[in-house]
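Below is one structure, written out as structure tokens; the observations come after it.
Readers should treat all values here as calculations from the given coordinates under stated rules, not as data from a laboratory. Everything numeric here is computed off the predicted structure, so don't read it as measured data. For neighbour counting, all protein chains shown are included, and Cβ atoms are generated from backbone atoms with ideal geometry for every residue, glycine included.
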Amino acid sequence: MRNLLILPFVLVLSIANAQNYFQLKTDIPVIVGSNPLLYPWAGGINFPVFSPVDLDGDGLEDLFAFDRSCNRVLCFINTGTGGINSYRYAPEFAKQFPALRGWALFYDYNCDGKADLFTTSVSNNGIIQFRNDSPPGSLLFTVADSVMKADYGGGSISGVFASGLLIPHFNDIDGDGDMDILGQQFFCVGTFAYYRNLSMDNYGVCDSVSKFRLDTYAWGNFALRSGAYSNVAVGQFHISCALAAPPADMFGYELAVQDDTYAGIYTLDIDDDGDMDALIGDSGARNSLLVYNGGTFLSADMDSQDTLFPSYNTPVNINAYPNYAYMDVDHDGKKDLLVGHNEFENKQGVHYYRNTGTSSLPVFNFIMNGFLQDEMIDVGEGAVPVLFDVDADGVLDLLIGNINSTGAGGTVSHGLTLYRNTGTSSVPSFQFVTNDYAGLSSYPLTGPLFPAFGDLDADGDMDMLLGHQTGELYQFENTAGAGMPANFVFASATYFGIDVGNFSSPQLIDLNRDGKLDLVIGKKSGVLAYYENSGTVNAPFFSSVPTKDTLGGINVQTFNYIDGFSVPFVYEDSGSYKILVSCMRGDIYKYGGIEGNIMGSYSLEDTVLSFYQGVRTQYNISVSGGDINNDGKIDMLVGLYGGGVQFYYQDSLINTISEKEIAAKLTVFPNPARSSFSLQVLSMKKNRKYHLNIYNSMGQTIVEKEMSSEKEVIQTEIFPPGVYFISIRDGEEHLSQRIVVIH
């Protein structure tokens with residue numbers, strides 16, 4: 001299987017055969033009201049955690065966001081112009097990250113000036129530690145510890161506890177210069193375990209082997225209130241947890257009997273008294289709790305609290321489990337506060353508090369509750385975009401279905417969002433119109449909503465079928481007439497009794513080329529169902545039983561995923577049909593071999609978008625398309641689980657190679673590669689020197705050497721996951737190939 005390159009820019013390389021590829025397009029204007037969006041095609045954000053980090057090595061603090069709902073990385077580069085709007089959406093950096101799970105945070109643990117990366121272990125029960133070895137302009141992360149461990153006392157060495165839900169906190173808690181860890185655990189629920197770093201104590205350096213020791217299960221000598229409370233607060237103390245805890249210094253402390261919710265902690269010296277205070281978010285509450293430390297760095301003792309932080313301004317009011325980042329968001333030299341969340345509010349859930357005090361004694365002023373989200377297309381959760389000329393003006397508009405949209409008030413809604421194309425047929429530009437096109441919010445539909453358009457009754461206008469969670473199809477007839485803006489009228493909730501089981505994602509297409517629109521429908525299981533239209537052009541008829549229930553033999557259910565959630569997009573390419581199919585994991589596959597073989601098995605031709613290629617779009621994406629720039633090629637439209645949309649223009653690489661170059665052959669195995677791969681030049685000419693270069697997707701040279709034999713083995717342990725280009729030249733011949741590296 002070949003792997004197509006997906007880039008936000010064109011990488012100039014000579015490729016052995018000219019071919020089409022899809023190029024990410026991020027500069028298409030999108031306007032809401034009178035305001036152009038800064039990051040319209042960033043893909044939306046549901047439940048993010050944030051970290052400051054210098055991604056491009058220019059000395060400026062950039063912004064890293066990790067969406068916990070879909071394990072997706074978003075990178076925003078600080079352009080240095082100042083202000084909250086001085087970021088640039090930078091997908092070229094996001095694709096260089098290793099696979100991340102549950103949560104991802106940065107902290108410079110080895111004091112080398114580069115923030116290092118932490119995430120949940122493969123088993124989702126521990127912490128992976130990555131060292132930041134990045135050269136300027138690109139990213140390189142090396143596994144420093146696959147499971148971080150601590151001394152639990154009595155000779156017990158085990159992993160520092162964390163999970164995909166319980167996020168640890170990294171900071172210098174005791175003020176000695178090395179990184180300690182705080183985190184909730186299940187031994188004594190409602191308190192926070194303190195893993196003390198002994199590197200500075202024992203060795204005088206930030207980092208050493210076997211450095212963590214569990215000092216207490218109840219850092220700060222406090223516990224959260226237990227029971228079904230609407231606000232998180234400090235609760236009653238009890239001795240029971242302390243009696244069973246191994247560290248000797250725990251005895252005598254009084255802790256909560258038990259807490260029935262998940263909680264997270266974030267430390268900062270908010271009152272500038274030389275010790276760490278703590279901000280706490282709880283899964284069962286909307287408020288943010290601040291507990292003040294009346295002790296010292298070494299002996300924390302929380303003695304007062306603000307249960308409606310910041311009570312002097314607009315208190316945090318967020319739908320469950322606030323998380324925090326203390327960083328200079330507006331680049332004025334003072335650290336601000338970002339408050340994220342972990343569930344429910346998928347459209348307006350990032351609170352930005354500007355620091356009007358100082359970094360050492362901050363005063364937080366609430367600015368907005370949709371930081372970043374307000375500057376991108378974001379319809380909530382599970383975007384399903386389709387191109388359709390809503391107003392019959394000859395240019396394609398953008399309609400987006402969704403699973404649901406939950407705002408700050410917690411109200412769940414769904415429907416079709418319309419962005420009208422106010423540009424031209426070749427230069428698109430979109431303007432937000434409504435988030436309830438055709439009034440679909442009034443119907444008993446359950447998301448995700450999948451719209452499909454086609455002239456079912458041959459009256460010159462396009463009708464609409466709507467797939468949704470139940471597996472059936474809603475029918476809406478367009479009564480507008482030819483050349484008029486669409487006017488959809490509800491016709492049926494069970495179109496021809498078709499029911500694919502769960503999550504119907506339809507497309508109307510004349511698959512058998514008999515002049516009548518047929519139906520291709522994806523579904524939860526990962527296969528495609530084909531319904532042949534046995535009626536007439538103006539009076540379609542579909543059997544409720546599919547003509548073929550596994551069209552093309554396609555099944556996009558992948559390893560470790562219970563379901564497939566296939567979404568099909570059939571399009572014509574040089575006179576032949578192709579099918580793009582997206583799946584739950586985040587891949588999009590391209591199939592051919594359809595013409596004259598509708599009831600047979602189709603051939604997998606490409607993976608045009610791949611989680612393994614570092615394209616962090618994982619979980620329940622959708623695919624569709626159309627010729628948005630009037631160049632005769634079908635472009636790809638991708639809906640992300642974060643609620644946003646991305647365009648990929650179809651383009652061609654220029655064939656500049658000679659017949660002699662085409663005759664040369666190069667084999668690469670395995671592809672994808674994990675720790676190494678072999679490359680071999682077949683029919684290598686004797687007494688010729690072959691020069692080998694391997695480039696990353698940014699065009700930077702990763703390997704450069706002379707080949708001493710026709711076969712070379714390349715070690716890839718230090719390569720970030722992604723797509724690489726192999727180029728071999730000898731002055732007369734040129735060989736080129738792509739390799740995908742995964743870990």
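A few points about this structure:
- Ranking 290, 385, 329 by Cα position along the charge dipole of the range 287-402, where only Lys, Arg, Asp and Glu carry charges on their C-beta atoms, puts 290 farthest toward the positive end.
- Stretchable slack from residue 576 to residue 455, in nm (0.36 nm times residue separation minus alpha-carbon distance): 41.4 nm
- Evaluated over the Cα positions of the range 14-152, the convex hull gives a direction-averaged projected area, one quarter of its surface, of 12.3 nm².
- Each Lys or Arg adds one and each Asp or Glu subtracts one; over the other residues with Cβ under 11 Å from the Cβ of residue 320, this totals -2.
- Full extension of the chain between residue 85 and residue 343 gives 90.3 nm of extra length, using 0.36 nm per residue less the Cα-Cα distance.
- Lysines with Cα under 27 Å of residue 149, excluding same-chain neighbours fewer than 8 positions away: 114, 211
- Cα-centred dipole magnitude for the chain, charges only on beta-carbon of K, R (+1) and D, E (-1), debye, nearest 20: 2000
- Anchor residue 711: lysines whose Cα lies under 26 Å away (excluding residues fewer than 8 positions away in-chain): 660, 665, 685, 686, 689
- Under 13 Å, Cβ to Cβ, from residue 417 - net charge with Lys/Arg +1 and Asp/Glu -1: -2
- Across the options 356, 132, 539, the greatest Cα extent toward the positive end of the charge dipole of the chain (unit charges at beta carbon of Lys, Arg, Asp, Glu) belongs to 539.
- Within straight-line cross-link reach of residue 335, aspartates and glutamates at Cα separation under 19 Å, skipping those fewer than 8 residues along the same chain: 54, 61, 62, 108, 172, 269, 271, 272, 273, 275, 277
- Electrostatic tally near residue 482: other residues with Cβ closer than 10 Å to its Cβ, Lys and Arg +1, Asp and Glu -1, net -3.
- Using Cβ point charges alone (K and R +1, D and E -1), the dipole size of the range 334-379 about the Cα centre works out to roughly 300 debye.
- The range 16-77, dipole about Cα centre (Lys/Arg Cβ +1, Asp/Glu Cβ -1), debye to the nearest 20: 400
- Amide N of the range 175-206 lying under 17 Å from the label point, which is placed 7 angstrom from the Cα of residue 157 along Cα→Cβ: 196-199, 202-203
- The calculated FRET efficiency for residue 114 paired with residue 446, based on their beta-carbon distance and R0 = 45 Å, is about 0.45.
- One chain, two ends: residue 676 and residue 202. Fully extended at 0.36 nm per residue, the span grows by 166.8 nm beyond their Cα-Cα distance.
- Treating each Cα of the range 350-495 as an identical point scatterer and summing with the Debye formula, the log10 of I(q)/I(0) at q = 0.10, 0.11, 0.13, 0.21 Å⁻¹ comes to -0.44, -0.51, -0.65, -1.31.
- Think of the range 489-532 as a dipole: +1 on every Lys or Arg Cβ, -1 on every Asp or Glu Cβ, centred on the Cα centre; then among 527, 493, 509, 527 lies furthest on the positive end.
- What the Cβ-Cβ distance of residue 26 and residue 561 gives, at R0 = 35 Å and to the nearest 0.05, is a FRET efficiency of 0.75.
- Entries of 95/548; 95/633; 524/548; 516/548 with Cα pairs more than 28 Å apart: 95/548
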